[in-house]
Amino acid sequence: MFSTLRFFEGFCLAAIRLSLYVLRIELCLPAWRFSMTMIASLIIVSGQLLMPGLAALCRDWQILQSVIIAPFVLMLPYVWMFPESLRWLLVTQHYQRAKQQIVLYLLREEDDEDDDAFAELETELQQKPKTYCVTQLSGTRNLWKNTVVLCVNSLTGYGIHHCFARSVLEGSTSHLHYYALAAIAVASCMVLFPVVTGFGRRGGLLTFMIITALASLLQLGLLNLIGKYSIWHDAVLRDTLNQRFSYAFSIIGMFSSHAVSTLSIFYCAEITPTVIRGGGVGLVLASAGFGMLTAPLMELHNQKGFFLHHVILTCCTLLCIICIPLLPETAGQPLPETIAEGEGLLRRPILPGEQHHLLARTEVREYSRVQDTPLHQVVNPGNGSVPSNSTANGVRTS
């Protein structure tokens, strides 16, 4: 019974995290999406830093459980106080609920220019809402490929993070290592922002994946070479040098792998269309959870096969480096709304002058999307003007 309740609790917490993540992405403007996500990640890490202090104060796990669950009571009126994503309501044709939010907007803004748009919405209220399922990804060409690549990135990032952490935490019982891991996560989130701002989503993900692969390869190969071909006859000095190099590569690997995992989830939220965004992000989070499951599996087998496990994940990082350039760049682009729009997200060349067969596609379906536009264009996008050179990825690929 206790195990069932714990499972149900974990399931509910995962659903809350997923819902908050998707809502945050859909409510933010393109220029603020990534920064708000990084602030939320820092808040999550701050909560992890508070856990040891709460555990020391509560002393009993039942009291600690009550203290942790108590703030969730404040989220009970969340459904009535916080608005549903207007973007999702419009694209799934929940026009009656969308009308209520638009009425509140009109009353608050007192803008008479949007009366015509509101009248046009009235004519659409008879349409039935549409339902979508994440399984519809199987009928796409580019969207499922992008989702699979990000799932593998997330799985690899969380899985190899344990391999690096084990090299640092092996044989240690100090609580300082817990804070060290949290500090690495904080540093990773802080460095992610300037890197992604400068290189974009795809460039930042590729950069951190390359660093992760190099740290893993050096830890697996260089340290063995130092021990095998070292000219030093002092075994103690050789082992000390080997251990220090292992710590250095592990810290770098944990830093970059955490960045890869965080950016992969955010990247998926931007690539997946609004109609199935929750399902797409859920797939990447499930892959991340599967990667984290490798840690207890190694413990159950008394670390047997751990070296092979590390080698397999390192090979996965190399595979991800090859696949990441196939992803489209989403920095500064509006979120895709329908599956057709998500399918129209095509990759762009990384290097100037690069040619790729995906860029030859000119029949990408034009569409309009909910973004930072006047309300009459949001409600009735057919009246909004769409530039002739715009496509699902922002620029016609011709």
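A quick yes/no check of all residues on (1) surrounded by 12 or more Cβ atoms within 10 Å (Cβ to Cβ); (2) in contact with a helix residue (DSSP H, G or I) (Cβ under 8 Å, 6 or more places away or on another chain); (3) under 30 Å from Gly198 (Cβ atoms); (4) of a type in the set (Gly, Ala, Ser):
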{"residue": "Leu13", "(1), (2), (3), (4)": "yes, no, no, no"}
{"residue": "Leu18", "(1), (2), (3), (4)": "yes, yes, yes, no"}
{"residue": "Cys28", "(1), (2), (3), (4)": "yes, yes, yes, no"}
{"residue": "Met51", "(1), (2), (3), (4)": "yes, no, no, no"}
{"residue": "Leu54", "(1), (2), (3), (4)": "yes, yes, no, no"}
{"residue": "Leu74", "(1), (2), (3), (4)": "no, no, no, no"}
{"residue": "Trp88", "(1), (2), (3), (4)": "yes, yes, no, no"}
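Once the stretch 293-315 is narrowed to residues that are buried (at least 18 other Cβ atoms within 10 Å of the Cβ) and modelled with pLDDT of 85 or more, the residue that is nearest to Ala14 (Cα to Cα) is Leu313.
Do we find that Val22 is among the β-branched types (Val, Ile, Thr), modelled with pLDDT of 80 or more, surrounded by 13 or more Cβ atoms within 10 Å (Cβ to Cβ) and under 21 Å from the mean Cα position of the chain (by Cα) in this structure? Here the answer is yes, as Val22 does meet what is asked.
Taken over the stretch 188-202, the criterion of being closer than 14 Å to Phe266 by Cα and surrounded by 17 or more Cβ atoms within 10 Å (Cβ to Cβ) is satisfied by Cys189, Leu192, Val196, Gly200, Arg201, Arg202. The residues of the stretch 271-286 that are surrounded by fewer than 23 Cβ atoms within 10 Å (Cβ to Cβ) and either not hydrophobic (A, V, I, L, M, F, W, C) or not in a helix (DSSP H, G or I) (or both), listed by number, are Gly278, Gly279, Gly282. Screening the candidates Gly332, Gly289 for the property of being surrounded by fewer than 17 Cβ atoms within 10 Å (Cβ to Cβ), modelled with pLDDT of 85 or more and closer than 30 Å to Arg277 by Cβ yields one hit, Gly289.
Of Leu346, Leu326, which residue is modelled with pLDDT under 85 and of a type outside the set (Val, Ile, Thr)? Only one candidate passes the filter, namely Leu346.
The values are calculated or read from the model by the stated rules, or taken from the named source; none is laboratory data. Bear in mind that the values here come from a model prediction, so they are computed numbers and not experimental data. No Cβ is skipped: glycine too gets one built from the backbone with ideal geometry, and neighbour counts run over all protein chains shown.
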